[in-house]
Each structure stands twice: as C-alpha cells, then as structure tokens.
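Since the structure comes first, as structure tokens, the remarks are kept for the end.
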Amino acid sequence: MRKCCSYPVWQSPKRECSGHGRALCRYGGEEFALICHSAALRESVAIAERLQEIIRCNQLTFGTETLRVTASFGVAVFRFNDECTVGGFLNRADRLLY
C-alpha cells in the first residue's frame, strides 16, 4: 500500500514546498524530510500543519474503496551552534513525532 499511495499523496505537498527555500524529499520507505532554509520554529510548525491539511484533503480510490491519508510531523530546528550530527538532528525530529 505504501508504494501505491506515496506518489499521488505527496504531489500536492511537494508543489506547496517547491521554491520558498523548502525541499520535500523522500527519506525512507514511508518517511519524508522537509528541509526549510532559515525557518524559525513557529514558521516550521505552521508549514507542517498546512501540509497535514493538504494531505488530509487528498483521497485515494482503489476499486470501490476510498481512503483518506494522514501524516505525522516532527519539527526540529537546527541552529548554527548546535553540536550534533545530521543523524542526531534527524533522530531528534523523529522523537518529536511521538
């Protein structure tokens, strides 16, 4: 199911993020990373909430079944003086999902 729905579901959010110093990229099997250049925490949370709404409004139809897709976001801000690796930063964002 993941591979079937990931392409159509993520096209609208990808368009929403194009330009504006943002990049939405596939990070893993069912995970995506949104990189926002120079975005403050409040702005990043607002972007994540907007993407959740866009994703929630998408419906997928498989035969007679109509499915709604949801998404969870973990928002983390990397500051210039942070002393962590990229992996550590991604782990921090991942922990914020729960």
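The values are calculated or read from the model by the stated rules, or taken from the named source; none is laboratory data. Quick caveat, the model's predicted, so the values are computed rather than measured. We place every Cβ from the backbone using ideal geometry, glycine too, and count neighbours over all the protein chains shown.
A few notes on this one:
- Filter result for Leu24 (in contact with a Pro (Cβ under 7 Å, 6 or more places away or on another chain), modelled with pLDDT of 75 or more and surrounded by 13 or more Cβ atoms within 10 Å (Cβ to Cβ)): yes
- Of all residues in the range 79-98, those that are assigned to a loop (DSSP other than H, G, I, E, B) have Cβ atoms under 8 Å from Cβ atoms of residues that are of a type in the set (Ser, Thr, Tyr) and modelled with pLDDT under 85, 6 or more apart or on another chain, in Leu97/Ser72.
- Pairing residues of the range 41-55 that are without any contact (Cβ under 8 Å) to a residue 40 or more places away in the chain and surrounded by 12 or more Cβ atoms within 10 Å (Cβ to Cβ) with residues that are of a type outside the set (S, T, N, Q) and in a helix (DSSP H, G or I), at Cβ distances under 6 Å and at least 6 apart in sequence or on separate chains, gives Leu51/Pro13.
- Residues in the range 1-13 that are surrounded by fewer than 16 Cβ atoms within 10 Å (Cβ to Cβ) and at pLDDT 70 or above: Gln11, Ser12.
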